[in-house]
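Student: Once you've had a glance at the structure underneath, I'll fire off some questions.
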Amino acid sequence: MKNTGKARTEIDMDLAFAQVRQDEKDDTLCKIIMGTIRGDGPRRVVLSGQSGIGKTRLAKLVGEYATEEGLCYLTLCLHLNQKFEDEVSLYEHIAFQIEVYDGDDDESDRKDLLLDLKKSIIRELEGKKRLADEQMKISDHERRKILLLDNFPTNPLLYKHIYTSSHILLILDDEGNKTSEDKVMKDLGLESFLKDYGPLKILITRRAGDENTTKRDGETESHAVDQSQGTEIDGETKSQGAESDREIESDDMEEPHDTRNAEKIVSHTTFETHADTKWKGKVEFHVTNESQALLNSLNERNMRYLLASLINDKSRELLNSLENAWKLDHPLISSMARKSNSLPAAIVVLAKSLNCITRQATFKILSPKQDKLFKEVLSPYEPDYSVSRNNSVLQLAYQLLETDDTLKNAIVDCFWHSLDFFEHCGCINYNELITLWILEGYFDPVRSVKKAYKDGHAILVELINRGILKIQDGDIVIPEMAMNQLTDLRYHGLFGRSQLLFSRVSCREKNKGLGKITQIDDMIKTVNANKGANICTMLVSGNRLRQETPPKFFEQMADLEVLILFDPTLGCLTRYLKNLCELRVLVIRNCGLLSDIEELQDLRELQVLEVSGASSVVNITDGFFKALPHLQSLNLSGLRIKSLPSSICQLYDLHSLILRDCLVLEDLPDIHKLLNLEVLDVRGARRLRTCFGLKEKTSRNRTFHHLTKLQLLDFSESNIKRLPVFHDAAMATNLHFLTRLLLRKCSNLLKLPNLKPLSGLQILDLSGTTSLVDIAAVCFEQKEELKILNLSGTKITKLPSTISGLSNLRQLLLRDNSNLEALPNISGLTSLEVFDVSGCTELHKIEGSFKDMSYLQEVCLSGTRIETIPQLPDTSNIVCSKLLVLADTRRLIHDTWLEVKEAMTNGISESLSSFDMVDRIQATSRKEEGSVGELWAFDCPENKGRPREQFYQDHIYMDVYRNTIPFVDTKNCQEVLEIQGSNGVDQDKETLAKVEFVAIVDNSGSSLSSIFNDLKSVKSCWLEMCTDIEILFSGVDEESLGNLETLSITNIRPLKSICSSSLKNLKKLSLDCCPYIETLFPASALPTSLEVLKIKFCEKLEKVFVREVEVPNLHTLCLFNLPVLAAINALLPNLKIYKPEKCPKLETLMEDLRGPDLE
């Protein structure tokens, strides 16, 4: 312990000077890079490596260092994650950077603009060069005198005085991303343009693997190793024949961070010669790769310095409190540094996320979810052999984002969209990015564009503050691309959550974005400088549009290219749009009065068309799409069409076809030749029976093997019987890009085709596909990337033995498979986290064991006939509670699998005093004498196997069961939207926003909060068996709960309290089987409208109210089996029904509650 204490003291002392150490490290790296750059003649230095190691940051520091030290007279930085399509875009960027152009020039003649830009730049360059030349003029005698000084080599001022050179430092950041070095220097003529202003020094950063620009003019560089340059990082000099005389501490003796397991990078020098007749000469570059200097600095000690220099005082206090709570011998900062894999981006994102959390006005302690995440990642327990599948610090930062209260799941949508957009299109103006988020539907339903923009801006600020988005230049933002290491395992993913995938359109051609965005007068507009003051982009809501006269409004927009209309209320809308001939993008979202879209055929330049939620549209003529040959994105969700025009097969540029909730759609057109198709989403098309044509002997869509770009295929809730085939016997096909095949509730699907070609599949969902009885063995071959396999609710009798090859599978879900009797060997599922066979009533045998599943977290066997449990893991690679649910429903929850096994041996299970009679309790409560009326509910024990009924309302089908629900006084039956598990997170937001009656079963706390933030109109809610919830409605905004009148809570074991400050309109509340709740309402959060309150089987409930309050409207109070309830603490002047039963400590009489002034 003494050695441990000494090590901690040394680390604490180091961290006290973290900023100083960080600055020293940065200064050393800058000197190394500049030592190479400032040699004679043109120089070209390369920094390469994976995203997140600090290449851009170092380049920026080098630029600042060079300018401050007088080592160059001008530094220019070009971020080549931006598309420079022509000279104007390039020289605009340069002119703006050196402050000779403000970007607001409306000059329409681009040739004149380019000429003016170059003149302004030349004038500025000549002035700076002239000044630099004058500063360099010293006599030979003075120069020799300085060189003879003893301190000359170490004195930067003397060095600067002698060697200040008249040159430009050009930084080409993220080279090869969207623009190459050759494009800028040769094609756009920058090298020729700068040749008269001193020898050119170029510093290039590029991501590892982008080797295309290490060659110029098609010639391969020859690599001559140059090891004459010594490298000193953290006091350790690495040079040829030199040994460090500094003693290195133990935790510094680590290998430098390796990037992408690539080949080792060494410093090298090359000479390149370029000949081009238009430049009238040759340019000779001395080229050096200095990547290793940066890589050598990536060690645990420097990560500690970086983290300590970034976190604020509150974050430091939080970490100290966690250290004390966990009784740690080492600072948590050290644990974070170690688990970051020495990736600076991971440290930065986590540090900034911590600062954001602790900076919140309401922050006191971590939420239970946040605390659990920190413990899992940063706990002192860590196996020696632990190997994380993702960077655990990056993963933690993302999971903390999921707990953020800023618009819940919208912020996660925006995060994944930003990563995807940057990969395809590069950097973007932040206003345009917010507009794209609105465009993709992340804030639907949009009643006010101003409000949607405000919500988007709040998310933007949060992502920037967390370091997930970064400001590049002025208003330009980019994501932290190191986050791209993470895998999006949300059920529908980005494609299933987006309406348009606009990035696939705007990035294929130049100048096809949205332009410069202005948010004004509850609209978003863009003015095209090349067309004077004419508006080229417009986003407007129906509420705002009603203030205008439609003919006059649209007549003024002849140059409009992008038009987005949210909830318009014009039935003849297309009449006003048909003359907008320059439209590229048209979105008409939720126009219930629109019945005909034929006039849109006149918009022949359309690339994006969305007409969604127009439930009055029942027909589209067969030749409609012949007039729209340029379409790349098509969304016709929610239309009442039975079939699509056959002319859709001619849309050869189409990449996205979205037909969600087309409730009467019966057939698909021929799409198998749409070779650019990436998304086919027809979920919710409940009458869709076939892909092959309604007539017999048709060959339509027999095969999709040509659709090699397909990434999402979703037929969920359709009635299709067969899928197209994905292979071709005559050729080796591979649909590697298809990551999601979603077939949930395809109740008529009889069999699967050969899925072997889907080698990139990550999620396969067949849950609720009740007609499926068999899966061929070949379906699980070549599935190295499959992460989630959901076969719950099917009729399969056995699984193929090839399932053992799914070595990267994380979730195997086989719930409620009543025909499944045995499982093949599962030992090969070494990445498995969740194994769930609950409800498989005939399952009696599982081959293999869980022994080598070091990531396993949950094993659920309830309701099965499993008597002998396969061997559980001996060790674990993750730190979290381990759950085993036995066949008799006993739950064993412990920190390690060893403890679980000991509990099994000793016959110890988690206390189930409130759950050992769950069935009896549920039966009692649902048949309680005196309950009034009926409500629609789901999956009640007495209704198992009862046929479902379907109802139609507002074009939304909902599967419901008829049953009596306790504690809800209503005389009329209602229709209720059922949400089971986490499915509600990916539900259509428009649907959720309109729902008034909802039942949420078997959900988690995080997804429950996300769902409730989309439930804008809910009046009655039934919650049952929701896990991981201690404070109900914590983080849910007031708007979502403002209309809630009836709330039933059943079997939520961890629940301790209800966040009731927003339940101002709550009239009826029931609480059943919540054993850990102690007090129902704090005095400061009383639901003042409460009329009915019923509580049962809450073992620890001591008081209903914390202290004496008056509840004027409460007329019914029923209390049953509350063993420690001793006080109600309320005056109830209007109480009419009072039923306390089996409450031995409660002595309060009805007269006491009603008060003395009853008469």
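The values are calculated or read from the model by the stated rules, or taken from the named source; none is laboratory data. As the structure is a computational prediction, the values presented were derived from the model and not from experiment. Using ideal geometry, Cβ is built from the backbone for each residue, glycine included, and neighbour counts are taken over all protein chains shown. These area figures cover heavy atoms from the full protein model, side chains too; ligands, DNA and RNA do not enter into them. Shrake-Rupley method; radii C 1.70, N 1.55, O 1.52, S 1.80 Å.
Student: Just give me the residues in region 1018-1030 being part of a loop (DSSP other than H, G, I, E, B) and closer than 15 Å to I979 by Cβ, in sequence order. Even if it seems obvious, please write down each step before you answer.
Tutor: Taking region 1018-1030 and keeping what is part of a loop (DSSP other than H, G, I, E, B), we get 1018-1019, 1025-1030.
The answer is V1018, M1025, C1026, T1027, I1029.
Student: Among (1) under 17 Å from M904 (Cβ atoms); (2) among the β-branched types (V, I, T); (3) touching a residue at least 24 places away in the same chain (Cβ under 8 Å), where does T830 come up short?
Tutor: (1)
Student: For the structure I just gave you, tell me whether I464 is under 25 Å from K60 (Cα atoms) and in contact with a helix residue (DSSP H, G or I) (Cβ under 7 Å, 6 or more places away or on another chain). Step through it out loud before you land on a result.
Tutor: Details: under 25 Å from K60 (Cα atoms): yes; in contact with a helix residue (DSSP H, G or I) (Cβ under 7 Å, 6 or more places away or on another chain): no.
The answer is no for I464.
Student: Here's something else I'd like to know. Just one of the numbered conditions (1) in contact (Cβ under 8 Å) with a residue 60 or more places away in the chain; (2) closer than 25 Å to K183 by Cα; (3) surrounded by fewer than 22 Cβ atoms within 10 Å (Cβ to Cβ) is not true of L47; which one?
Tutor: (3)
Student: For region 182-201, give me each residue that is free of Cβ contacts under 8 Å to residues at least 12 places away in the same chain and not in a helix (DSSP H, G or I).
Tutor: Matches in region 182-201: D196 only.
Student: Same structure again: If you go through region 41-79 one residue at a time, how many are within 24 Å of V349 (Cα to Cα) and assigned to a loop (DSSP other than H, G, I, E, B)?
Tutor: Total satisfying the criteria: 5.
Student: Taking region 310-339 on its own, how many of its residues are assigned to a helix (DSSP H, G or I), without any contact (Cβ under 8 Å) to a residue 24 or more places away in the chain and basic (K, R)?
Tutor: Residues flagged as assigned to a helix (DSSP H, G or I), without any contact (Cβ under 8 Å) to a residue 24 or more places away in the chain and basic (K, R) within region 310-339 amount to 1.
Student: In contact with a Ser or Thr (Cβ under 9 Å, 6 or more places away or on another chain) and surrounded by fewer than 21 Cβ atoms within 10 Å (Cβ to Cβ): does that describe G1042?
Tutor: Details: in contact with a Ser or Thr (Cβ under 9 Å, 6 or more places away or on another chain): yes; surrounded by fewer than 21 Cβ atoms within 10 Å (Cβ to Cβ): yes.
Judged against the criteria, G1042 is a match.
Results for (1) open to solvent by less than 10 Å² (accessible area, probe 1.4 Å); (2) basic (K, R); (3) part of a loop (DSSP other than H, G, I, E, B); (4) at pLDDT 90 or above, shown as yes or no for each residue.
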position: E696; (1), (2), (3), (4): no, no, yes, no
position: K709; (1), (2), (3), (4): no, yes, yes, yes
position: F737; (1), (2), (3), (4): no, no, yes, yes
position: N748; (1), (2), (3), (4): no, no, yes, yes
position: V778; (1), (2), (3), (4): no, no, no, yes
position: L789; (1), (2), (3), (4): yes, no, no, yes
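The rows are residues; the columns are (1) in contact with a Phe, Trp or Tyr (Cβ under 8 Å, 6 or more places away or on another chain); (2) surrounded by 21 or more Cβ atoms within 10 Å (Cβ to Cβ); (3) within 16 Å of L172 (Cα to Cα).
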position	(1), (2), (3)
I53	no, yes, no
A59	no, yes, yes
H79	no, yes, yes
L90	yes, yes, yes
I94	no, yes, yes
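Student: Does I37 satisfy the criteria of being open to solvent by less than 20 Å² (accessible area, probe 1.4 Å), of a type outside the set (G, A, S), farther than 30 Å from P331 by Cα and at pLDDT 90 or above?
Tutor: On the way: open to solvent by less than 20 Å² (accessible area, probe 1.4 Å): yes; of a type outside the set (G, A, S): yes; farther than 30 Å from P331 by Cα: yes; at pLDDT 90 or above: no.
So I37 fails the test.
Yes or no, residue by residue, for (1) closer than 20 Å to N391 by Cβ; (2) in a helix (DSSP H, G or I); (3) outside the structural domain of F1033 (by the TED database):
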| site | (1), (2), (3) |
| --- | --- |
| M303 | yes, yes, yes |
| A308 | yes, yes, yes |
| N341 | yes, no, yes |
| I347 | yes, yes, yes |
| A361 | no, no, yes |
| D371 | no, yes, yes |
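Student: So, of the residues in region 1114-1136 that are assigned to a strand (DSSP E or B) and without any contact (Cβ under 8 Å) to a residue 60 or more places away in the chain, which turns out to be most open to solvent (accessible area, probe 1.4 Å)?
Tutor: As a first pass, look at region 1114-1136 and keep what is assigned to a strand (DSSP E or B): 1116-1120, 1127, 1130-1131.
If we keep only those that are without any contact (Cβ under 8 Å) to a residue 60 or more places away in the chain too, we end up with 1117, 1119-1120, 1127, 1130-1131.
On the way: L1117: 2, L1119: 2, F1120: 45, A1127: 24, A1130: 7, L1131: 63 Å².
In this case the residue turns out to be L1131.
Student: For region 1073-1113, which residues satisfy the criterion of being in contact with an Asp or Glu (Cβ under 7 Å, 6 or more places away or on another chain), surrounded by 23 or more Cβ atoms within 10 Å (Cβ to Cβ) and not in a strand (DSSP E or B)?
Tutor: F1097, L1101
Student: Residues being of a type in the set (S, T, N, Q), buried (at least 18 other Cβ atoms within 10 Å of the Cβ) and at pLDDT 90 or above: count how many of those fall in region 296-343. Step through it out loud before you land on a result.
Tutor: Applying the first criterion (of a type in the set (S, T, N, Q)) to region 296-343 yields 296-297, 299, 302, 309, 312, 315, 320-321, 324, 334-335, 340-342.
Next, only the ones that are buried (at least 18 other Cβ atoms within 10 Å of the Cβ) stay: 296-297, 299, 302, 315, 334-335, 340-342.
Filter once more, keeping what is at pLDDT 90 or above: 296-297, 299, 302, 315, 340-342.
Result for region 296-343: 8.
So that you can scan it fast, the table gives a plain yes or no per residue for (1) among the aliphatic types (A, V, I, L, M); (2) touching a residue at least 40 places away in the same chain (Cβ under 8 Å); (3) open to solvent by 10 Å² or more (accessible area, probe 1.4 Å); (4) out of contact with any Ser or Thr (no Cβ under 6 Å at 6 or more places or on another chain):
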position: I438; (1), (2), (3), (4): yes, yes, no, yes
position: Y442; (1), (2), (3), (4): no, yes, no, yes
position: K450; (1), (2), (3), (4): no, yes, yes, yes
position: K454; (1), (2), (3), (4): no, no, yes, yes
position: I464; (1), (2), (3), (4): yes, no, yes, yes
position: G467; (1), (2), (3), (4): no, yes, no, yes
position: D473; (1), (2), (3), (4): no, yes, yes, yes
position: I478; (1), (2), (3), (4): yes, yes, yes, yes
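Student: How many residues does region 1040-1054 contain that are within 17 Å of K1067 (Cα to Cα) and either charged (D, E, K, R) or assigned to a strand (DSSP E or B) (or both)? Steps first, answer last, please.
Tutor: Residues of region 1040-1054 that are within 17 Å of K1067 (Cα to Cα), as a first pass: 1040-1049.
Keeping just the survivors that are either charged (D, E, K, R) or assigned to a strand (DSSP E or B) (or both) gives 1045-1049.
Total meeting the criteria: 5.
Student: Could you pull out every one of the strands (runs of 3 or more DSSP E) wholly within region 833-925 that has 1 or more residues that are among the β-branched types (V, I, T), open to solvent by 30 Å² or more (accessible area, probe 1.4 Å) and at pLDDT below 85?
Tutor: Numbers: elements: 834-836, 858-860, 882-885, 891-894.
Per the criteria, no element qualifies.
Student: Okay, moving on. Out of region 997-1017, which residues are touching a helix residue (DSSP H, G or I) at 6+ places or on another chain (Cβ under 6 Å), aliphatic (A, V, I, L, M) and not in a loop (DSSP other than H, G, I, E, B)?
Tutor: I1011
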